[in-house]
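Asker: So that we are looking at the same thing, I have put the structure below in structure tokens.
The values are calculated or read from the model by the stated rules, or taken from the named source; none is laboratory data. The shown structure was predicted, so the numbers you read here are calculated from the model rather than taken from an experiment. Methodologically, a virtual Cβ is constructed for each residue, glycine included, from the backbone with ideal geometry; neighbour enumeration extends over all protein chains shown. SASA here: full protein model, heavy atoms, side chains in, ligands and nucleic acids out. Shrake-Rupley method; radii C 1.70, N 1.55, O 1.52, S 1.80 Å.
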Amino acid sequence: HNTTRSSQRLLSASRLDKMDEEKIHMLVQQWLKEKGYDNALGALQKESGIVSGDAEVGGQLLSVLYEHAEMKASLLESAPEDLLQGEKRAAEEELIKLPLEVPVPTEHGHVFSHIHAGNIIACQFNCTGGHFATGSSDTSVKILCVQQKKVLRTINTHGAPVLSVSFHPSKPHLLLSTAMDGTTALSHADKTPPEVLQTWKDHQKYVTRAVWARDGSAFATCSHDKSAVVYRLAEGGTEDEPKFEKKQMLQFTSIPEAMEFLDDSMTLVVSVRGDNYLHYIDIDTGDVNKANLNALGDDHVSFTVLDLSLSPNGKWLLASTDKSRLLLYTVGTTMQLRYYYGAVNDDLCQTRACWHPSGAYIYVTSQDHKVYCWHVASQKLVSRLVGHAAAVRDIAMSGDGKTLVSCAFDKTVRFWTIPE
């Protein structure tokens, strides 16, 4: 009887070892495939005799390693209570509802070259998708026509490289731009020549971003001077040419790297370098609520969020980090729903991400000259968009989801379309 039980234990252990080996091969082969190491993948499959199929969930090996590292770090901190399982289940149900297959831009299309004398740092579509803007180290902003594929107008108002461009969410002619000289400008981009409606110099260093409230009633800027400034609608403007005025300046202990307004247009979310919290700021009252970026609630700082992007349904925040990892959070919580791996981004880069309007896919820039696309729910890497010859600096999605535009330090703007 004892011999039988011993034999059964040995058989179970043998089966477990085999399962573990197959799982390890699956994880390693998935990682090699996601990184594009096709020769190494082929050699491993040939030598091991094990060929793993496509997994339902992407980025599993790095997820395991990340969770292990977080667990080790948390041992030095006090562990919080578990997240509410009901909220977690509700979030998972929302993710599961996302469509599995949607036609998305992955095919290389038109290339704009020689439109700027310097590197192209920023790009964005207007709300109609008919025009898009670019900002460059040559200090200019260009307005381009999507259909005609040509430059329409040039805005020369900044005295230093332009770091961001941002169209009004509902007025396609209004464009914000920010620059390294600490200036922010609001321009009427449809006039010939374009008219600069207002300029501000409320920052002492680089103004890296300008983001609009969802209803267009406010916008915010952030800077390397460790501050963010909120601007609100003011009296004296018109429907087509509204005026804005500075309402408040927010000070931080370090550089604010990313900002995003929530759907209520009253809550500004800010990430700060070297800070393991997202700051949820009520721009009416100035009240601040913090959400810990660490799932275990500890205060270990293992990454900085360099970009924040709100999902089309307004329920999730995509956080792009300086550790070649993207995390998906439920808005207002510490709940990490998904991890995305494959793109290459470190603490010296300025990564940018965007959503497909379906909410089912995300895109992110990468220092290896590519743009990466994942399916949101499954974490599966769907495509690497190859074409740029230098680090990709910014990306933007058209409102209809049919076109992605990217700009890079190779001085080109590239269009990506849905494969026929």
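Asker: Tell me the carbon and sulfur percent of the accessible area for the chain, rounded to whole percent, probe radius 1.4 Å.
Answerer: Here it works out to 51 percent.
Asker: Shifting gears a bit: With label points built 7 Å along Cα→Cβ from the Cα atoms of residue 290 and residue 39, find their separation and express it in nm.
Answerer: The two pseudo-label positions are separated by 4.9 nm.
Asker: Okay, moving on. Quote to one decimal, in nm, the extra length available between residue 232 and residue 89 on full extension: 0.36 nm per residue of separation minus the C-alpha distance between them.
Answerer: So the chain would gain 47.7 nm between residue 232 and residue 89.
Asker: Same structure, new question: Among the lysines, which have Cα under 25 Å from the Cα of residue 370 when same-chain residues fewer than 8 positions away are ignored?
Answerer: 33, 35, 142, 149, 150, 323, 380, 402, 411
Asker: Let me ask another. Rounded if a/c is under 1.5, else prolate if a/b beats b/c, else oblate: with a ≥ b ≥ c from the C-alpha gyration tensor eigenvalues square-rooted, which is the range 331-420?
Answerer: oblate
Asker: Might you tell me the accessible area per residue for the chain, computed with a 1.4 Å probe and given in Å²?
Answerer: Using a 1.4 Å probe on heavy atoms only, each residue of the chain averages 45 Å².
Asker: Moving on. Round to a whole angstrom and tell me the spacing of the C-alpha centers of the range 386-402 and the range 218-294.
Answerer: The two parts, judged by their Cα centres, are 26 Å apart.
Asker: Name the long-range amide H neighbours of residue 394: under 5 Å, sequence gap of 5 or more, or other chain; modelled H, no Pro or chain starts.
Answerer: Excluding prolines and chain starts, which carry no amide H, the hits are 407.
Asker: Assuming R0 = 30 Å, can you tell me the calculated FRET efficiency for the pair residue 299 and residue 196, based on Cβ-Cβ distance, to the nearest 0.05?
Answerer: It comes to 0.10.
Asker: Rounded, prolate or oblate: which one fits the chain, using the alpha carbon gyration tensor with axes a ≥ b ≥ c (rounded when a/c is under 1.5, else prolate when a/b beats b/c, else oblate)?
Answerer: It is prolate, given that a/c is not under 1.5 and a/b is the larger ratio.
Asker: Using a Gaussian network model of the chain with C-alpha springs under 10 Å, which one of 269, 371, 288 is most mobile by mean-square fluctuation?
Answerer: Comparing 269, 371, 288 in the GNM, the peak value goes to 288.
Asker: Output the Cα-based Rg and Dmax of the range 218-362 in Å, rounding Rg to one decimal and Dmax to a whole number.
Answerer: Answer for the range 218-362, Rg first and Dmax second: 15.7, 49 Å.
Asker: Next question. Could you report the accessible area of residue 96 in Å², rounded to 10, computed with a 1.4 Å probe on the protein chains as they sit in the structure?
Answerer: Using a 1.4 Å probe on the heavy atoms, I get roughly 120 Å².
Asker: Can you compute the charge dipole magnitude of the chain about its Cα centre, using +1 on each Lys and Arg Cβ and -1 on each Asp and Glu Cβ, nothing else charged? Give it in debye, rounded to the nearest 20.
Answerer: Value, rounded to 20: 900 debye.
Asker: A further question on this structure: Springs between alpha-carbon atoms under 10 Å, Gaussian network over the chain: tell me which of 144, 176, 348 tops the mean-square fluctuations.
Answerer: 348
Asker: When the helix-only estimate is applied to the chain (DSSP H runs of n ≥ 4, each -39,500 (n - 2.57), divided by the residue count), what is the mean residue ellipticity at 222 nm, nearest 500 deg cm²/dmol?
Answerer: When only DSSP H runs of four or more count, the value is -6000 deg cm²/dmol.
Asker: Okay, which of the range 344-386 sit inside 15 Å, backbone N to the point 7 Å along the Cα-Cβ direction of residue 400?
Answerer: Backbone N within reach: 357-358.
Asker: R0 = 45 Å: FRET efficiency of residue 100 with residue 217, Cβ-based, nearest 0.05?
Answerer: 0.75
Asker: Same structure again: Please work out how much length the chain gains when fully extended from residue 264 to residue 127, using 0.36 nm per residue of separation minus the C-alpha to C-alpha distance, in nm with one decimal.
Answerer: Computed gain between residue 264 and residue 127 is 47.4 nm.
Asker: Report, by chain and number, residues whose modeled amide H sits under 5 Å from the one on residue 403, excluding near sequence neighbours (fewer than 5 apart, same chain).
Answerer: 398
Asker: Farthest toward the dipole's positive end in the range 187-329, which of 302, 266, 285, given Cβ charges of +1 (Lys, Arg) and -1 (Asp, Glu) about the Cα centre?
Answerer: 302
Asker: I want to verify a result. In a Gaussian network model of the chain, Cα cutoff 10 Å, which of these has the top mean-square fluctuation: 107, 245, 235?
Answerer: 235
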